[in-house]
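Reviewing the structure listed below.
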Amino acid sequence: MQKSYNALMPPETTPTTTTISVFTRHNLKCTKKDDPQWKRCKCPKSLYIYENSKKGYKSAKTRSWEKAENLANEEREARDPSKKKLREIAEEEAARKAEQEAVQAAKNIALKDALARWTAGMKRQSKETRDAYQTFVRKMLKWSESKKVANLQDVKPEMLDEWRSSWSPTAELKENRLALKTQSHLLTKIRSFFRWATAIELIYKDPSLLLESIESDHHITMPLTPEQFKQVMAATEEYDADRRRAMDRFGPELRAIFLLQRWAGLRLVDALKFARSGLKGNRLHLKTQKTGAEVECTLPDIAVEALHAVPRRKGVHPDCYFWTRRCTHRVLSGMWDARIKRLNEHLSFVDEEGKPLGFHSHMLRDTFAVELLLAGVPLEKVSRLLTHTSVRVTEKYYARWVKSRRQQLDNETIEAMRKMGVTVTVPENQYPELPRQT
């Protein structure tokens, strides 16, 4: 069908820079063929475009004036400098995101392989530390299998949060039945792994960032009073009285272990691995299991006598008091932990609130540290005796027991202020060694 000449003419305008408008290309039979601005007929609609001093025409590919106007608006926006810049920014961002997704897809390694790569970089760590991380890897893989998560990038924040929320000392599932201290250590390793994976760009977002910390109560020290220590030593004799067979009576060993911990501040595993050759007279010498730090100290006669009283048992290495040297330190600690826990059958300790308090061997290390601090030994020296890597660690555990040290510092501050010419009034019942001044 032929179209009228007038229908092809653009609307009357006086363009300046860019003009885009809609007009109708009427059919010859259209009653409005002389009016290109007529909107309500079903004739094809087109766009008149004037830019860069040139005229042009573009089919709107519609017979609806409204749809043609929408197309005209899109053409105008496409030429708007500010909107054009925003589009370019959006396109660049989309391209960058697509590139990241492409790189991520190429790096989409299995969670199992990522964990193996992470632990492979721990060659300089101690065997104990490496074993602890391998235990974590097994827990992580068991969890991922239960969630059917195979790849690293498939681990989502909500999954980790749900897993963390399931941990409890009384959880129904055995793998989720974790003490607060264990929960805290597990969470630390989860964060460490995903922080590493993010840093080397195996993933672009750390899914563990929002996991809430777990407040552990392991920093609470519970030293024994002299009376409680006597009760513990007496309980070792009651322990033997309850055993029918002589081979099950470990009272002499328990007393020697407890005296080592009380007067040398040793961890249980270090006391258990202590060698007979490490005792020269009253001098003790050993290397700690945890850090390899050397411990040298003088033991009181009571501790030395208890070590000499330890019988030589069949299977125990000739140079050891308690260890066969054929098992790992973890097995050794677990075996003696079970025996130590049985002592609670003969003890009735309570905490500061009057609640039942179970005895455990670490209380003796706490007793060693606290008694030294109460005797006025500086925190820095106690830290060295405990083989802590930093005095801050010692302060974290034992700061509330440094009363005499704080008192000494307060005394020095008061004296300094008086030398500066000011008066300081000290209550009668505070610091009696200071002269009163009003």
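Under a straight-distance cross-link criterion of Cα-Cα below 14 Å, which aspartates and glutamates are reachable from Lys85, leaving out those fewer than 8 residues away in the same chain?
Answer for Lys85, where 14 Å is the Cα cut-off: Glu77, Glu93, listed by chain and number.
Mind checking which of Asn344, Ala375, Thr288 is farthest towards the positive end of the stretch 226-398's charge dipole, using Cβ charges of +1 (Lys, Arg) and -1 (Asp, Glu) about the Cα centre?
So the residue furthest toward the plus end is Thr288.
Bins of 5 Å, beginning at zero and ending with the bin holding the largest distance: percent of Cα pairs per bin for the stretch 102-251, please.
Answer for the stretch 102-251: a P(r) of 2, 8, 14, 16, 14, 11, 9, 7, 6, 6, 5, 2, 1, 1, 0 percent.
At what distance in nm do the modelled label points of Ala179 and Arg130 sit from each other, each positioned 7 Å from its Cα along Cα→Cβ?
Modelled inter-label distance: 2.7 nm.
What are the trypsin sites (Lys or Arg not before Pro) within the stretch 57-155 that DSSP puts in a loop, where the Cβ has at most 12 other Cβ atoms within 10 Å?
Lys123, Arg124, Lys148
Considering just Cα atoms, how many Å³ per residue does the convex hull of the chain enclose?
It is 339 Å³ per residue.
Filter the GluC sites (Glu not before Pro) in the stretch 156-190 down to the DSSP loop ones having no more than 16 other Cβ atoms within 10 Å, then list what survives.
Loop-located and lightly packed - Glu172.
At each listed q (0.10, 0.11, 0.19, 0.21 Å⁻¹), what is the log10 of I(q)/I(0) that the Debye formula gives for the stretch 304-417 modelled as equal alpha-carbon point scatterers?
For the stretch 304-417, the Cα-only Debye profile gives -0.51, -0.60, -1.16, -1.20.
Any idea what the relative contact order of the stretch 111-199 is, in percent, if you count C-alpha pairs under 8 Å spaced at least 6 apart?
Result for the stretch 111-199 is 29 percent.
In a GNM of the chain with a 10 Å cut-off on Cα contacts, which of Gln153, Gln407, Gln228 has the highest mean-square fluctuation?
The residue that fluctuates most here is Gln407.
Take the alpha carbon atoms of the stretch 353-396, find their center, do the same for the stretch 180-244, and report the distance between the two centers in whole angstrom.
16
Of Asp113, Asp410, Asp319, which is the most mobile in a GNM of the chain whose springs link Cα atoms less than 10 angstrom apart?
Highest fluctuation of the listed residues: Asp410.
What FRET efficiency comes out for Arg276 versus Ile200 if R0 is 56 angstrom and r is the Cβ-Cβ distance? Round to the nearest 0.05.
Taking R0 as 56 Å, the efficiency between Arg276 and Ile200 is 0.70.
Sorted by mean Cβ packing within 10 Å, highest first, what order do the peptides 248-261, 267-280, 345-358 take?
248-261, 267-280, 345-358
Among the listed pairs Lys29/Lys61; Lys112/Lys287; Lys142/Lys174; Lys396/Lys419; Lys156/Lys290; Lys230/Lys381, which have their C-alpha atoms separated by more than 24 angstrom in this model?
Details: Lys29/Lys61 20 Å; Lys112/Lys287 35 Å; Lys142/Lys174 12 Å; Lys396/Lys419 34 Å; Lys156/Lys290 34 Å; Lys230/Lys381 27 Å.
Going by Cα-Cα distance, Lys112/Lys287; Lys396/Lys419; Lys156/Lys290; Lys230/Lys381 fall outside the 24 Å limit.
Apply the a/c threshold of 1.5 to the C-alpha gyration tensor of the stretch 322-379 and tell me whether it is rounded, prolate or oblate.
Cα axes put the stretch 322-379 in the oblate bin.
In which sequence would Trp263, Trp196 go, from the one with the fewest C-beta neighbours within 10 Å to the one with the most?
On the way: Trp263 21, Trp196 15.
Ranking Trp263, Trp196 by Cβ neighbours within 10 Å, fewest first, gives Trp196, Trp263.
Non-local amide H neighbours of Ala293 (under 5 Å, H modeled in plane, Pro and chain starts lacking H): which ones?
Under 5 Å from the amide H of Ala293 lie the amide H atoms of Thr288, each far enough along the sequence or on another chain.
Could you give P(r) for the stretch 226-398, binned at 10 Å from zero, as whole percent values over all Cα-Cα pairs?
Answer for the stretch 226-398: a P(r) of 9, 37, 37, 15, 1 percent.
Which ³J(HN,Hα) values in Hz, rounded to whole numbers, follow from the phi angles of the stretch 49-61 under the Karplus curve 6.51 cos²θ - 1.76 cosθ + 1.60, where θ = phi - 60° and Gly and Pro get x?
10, 10, 7, 6, 6, 10, 9, x, 9, 9, 5, 7, 6
Read-outs throughout are calculated quantities, based only on the coordinates presented, and are distinct from any laboratory measurement. Source: prediction; values computed, not measured. Note that we place each Cβ from the backbone using ideal geometry, even for glycine, and neighbour counts take in every protein chain shown.
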